[in-house]
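Participant: Let me begin by handing over the structure; questions about it come next.
The values are calculated or read from the model by the stated rules, or taken from the named source; none is laboratory data. Keep in mind that this is a model prediction, so the values were computed, not measured. Every residue, glycine as well, gets a Cβ built from its backbone with ideal geometry; the counts of neighbours run over all protein chains shown. Note: accessible area is taken over every heavy atom of the protein model, side chains too, but ligands, DNA and RNA are not part of it. Shrake-Rupley method; radii C 1.70, N 1.55, O 1.52, S 1.80 Å.
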Amino acid sequence: MTKDLPDLAEGFFYYQALGEGRFCSTIHAQGAWNEHEQHMAPASGLMADSLERHEPRADMRMARLSYEILGLIPGGGFHIETATLRPGRTIELLQAELVENGRVAIRATAWRMITSDTAAVAAVEDTAIPAPDECKPLDGPAIWPGGYIRSLEMRVAEGHRPGAGIVWLRTQHPLTDKADSGDLARLMGLVDTANGIAARVPPGKDSYAFPNLDLQIHMYRRPEGEWLGLDNAVSFGTDGIGLTSTVLHDLQGPFGRAEQILTLRRS
């Protein structure tokens, strides 16, 4: 029996902000695995936005975001609770929880670190990728269902294949109806898409499902702009566990990495 669809907000944005940490998702946040759930990508962007707004400090920035997906992320109404787990002068550990009807669906922690001028020794080993205007349009909805995928503009580089590829993403939809989120939150709201851009097997019936249980993001530079580049590789083990590994890029170049552990299931 199909689960009843949730009551959704309406508008050209991912979430309606209802005040005091309460939100309601729109169809644009709809997931790909089940039509009654949210996609992890915009939900993680909204949580990153909540963490950025929590007791902000001008001399610090978030350097690592760690998301644990504790169950299905329901569409419709929910709230986000934020807290400081470990205050400090040079490092702080923050937490955000996405809660629906008393159940935590996602728990996120973020290390916020003090910044300083290290330009004299700055260096990056990650390789640059072709820019979006050097890539071809990619029809994501032809591969994946759901309102979130339909909300994206996607470009794919030459050499893309099952298991590895380079894809650029952007969206014209703001995170909330207030349209006041920064670049970091907007781009963090796209990162989870990495698990589907170069799938080793096609999603759907008589194949495998491969949802991720987590999302770990490390950033050696604060990202900017509206385009997110994903240089992606997917590995499947022999015992039902896989891993999606991604180098993250903006138009200035690489800025960090993401990892997602996968559970492989016959569909």
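Participant: Around residue 209, with a cut-off of 9 angstrom between Cβ atoms, what is the net charge of the other residues, counting Lys and Arg +1 and Asp and Glu -1?
Facilitator: +2
Participant: Put a dot 7 Å past each Cα toward the Cβ at residue 125 and residue 104; how far apart are the dots in nm?
Facilitator: 3.4 nm
Participant: Under a 1.4 Å probe, what is the accessible area of region 107-150 per residue, stated in Å²?
Facilitator: Here the per-residue accessible area is 66 Å².
Participant: Hey, can you grab everything whose amide H is under 5 Å from the amide H of residue 106? Only 5+ residues off in sequence or another chain; H modelled, so Pro and N-termini drop out.
Facilitator: Close amide H contacts, sequence-distant or interchain: 70, 98.
Participant: Hey, got a sec? Which chymotrypsin sites (Phe, Trp or Tyr not before Pro) in region 188-243 land in a DSSP loop and have at most 14 other Cβ atoms within 10 Å?
Facilitator: In loop regions of region 188-243 (DSSP not H, G, I, E or B), the sparsely surrounded chymotrypsin sites (Phe, Trp or Tyr not before Pro) are 220.
Participant: What is the distance in Å between the Cα centroid of region 1-52 and that of region 125-164?
Facilitator: Computed from Cα coordinates, the inter-centre distance equals 23 Å.
Participant: Could I ask something else about it? Under a crude label model (7 Å from the Cα following the beta-carbon direction), how far is residue 115 from residue 226 in nanometres?
Facilitator: Roughly 2.3 nm, to one decimal.
Participant: Calculate what fraction, in whole %, of the accessible area of the chain sits on carbon and sulfur atoms when a 1.4 Å probe is rolled over the protein chains.
Facilitator: Carbon with sulfur: 51 percent of the solvent-accessible area.
Participant: A further question follows. Tell me the per residue accessible area of region 1-57 using a 1.4 Å probe; a whole number in Å² is fine.
Facilitator: 51 Å²
Participant: Evaluate the distance, in nm, between pseudo-label points positioned 7 Å from the Cα of residue 257 and of residue 238 along their respective Cα→Cβ axes.
Facilitator: 2.5 nm
Participant: Residue by residue, what Karplus-based ³J(HN,Hα) values in Hz, rounded to whole numbers, does region 106-120 have, using 6.51, -1.76 and 1.60 with θ = phi - 60° and x for Gly and Pro?
Facilitator: Computed from phi, the couplings for region 106-120 are 9, 10, 10, 10, 9, 8, 9, 10, 5, 9, 8, 7, 10, 4, 5 Hz.
Participant: Considering the zone a paramagnetic label at residue 93 would reach in this model (a point 7 Å from Cα along the Cα-to-Cβ line), which residues of region 44-70 have amide N under 15 Å from it?
Facilitator: Of the residues in region 44-70, 63-68 have backbone N under 15 Å from the label point off residue 93.
Participant: Mind listing the phi-derived Karplus ³J(HN,Hα) values for region 65-81, rounded to whole Hz, using 6.51, -1.76 and 1.60 with θ = phi - 60°, and x for any glycine or proline?
Facilitator: Couplings: 10, 10, 10, 10, 8, 8, x, 4, 9, x, x, x, x, 6, 9, 10, 10 Hz.
Participant: Using DSSP to define loop residues, name the GluC sites (Glu not before Pro) in region 123-174 whose beta-carbon has at most 16 other beta-carbon atoms within 10 Å.
Facilitator: Here the GluC sites (Glu not before Pro) that fit, given the DSSP loop and packing criteria, are 125, 158.
Participant: So, one more: For region 165-243, what is the accessible area per residue in Å², given a 1.4 Å probe and the full set of protein chains? Don't skip to the answer; put the middle values down first.
Facilitator: Values: 3190 Å² over 79 residues.
Value for region 165-243: 40 Å² per residue.
Participant: Write out the trypsin sites (Lys or Arg not before Pro) in region 199-258 meeting two conditions: DSSP loop, and at most 13 other Cβ atoms within 10 Å of their Cβ.
Facilitator: 205
Participant: What does the helix-only formula give at 222 nm for the chain: each DSSP H stretch with n ≥ 4 adding -39500 (n - 2.57), the total divided by the residues, and the result rounded to the nearest 500 deg cm²/dmol?
Facilitator: Working: 3 runs with 27 residues, N = 267.
Only helices count here, giving -3000 deg cm²/dmol.
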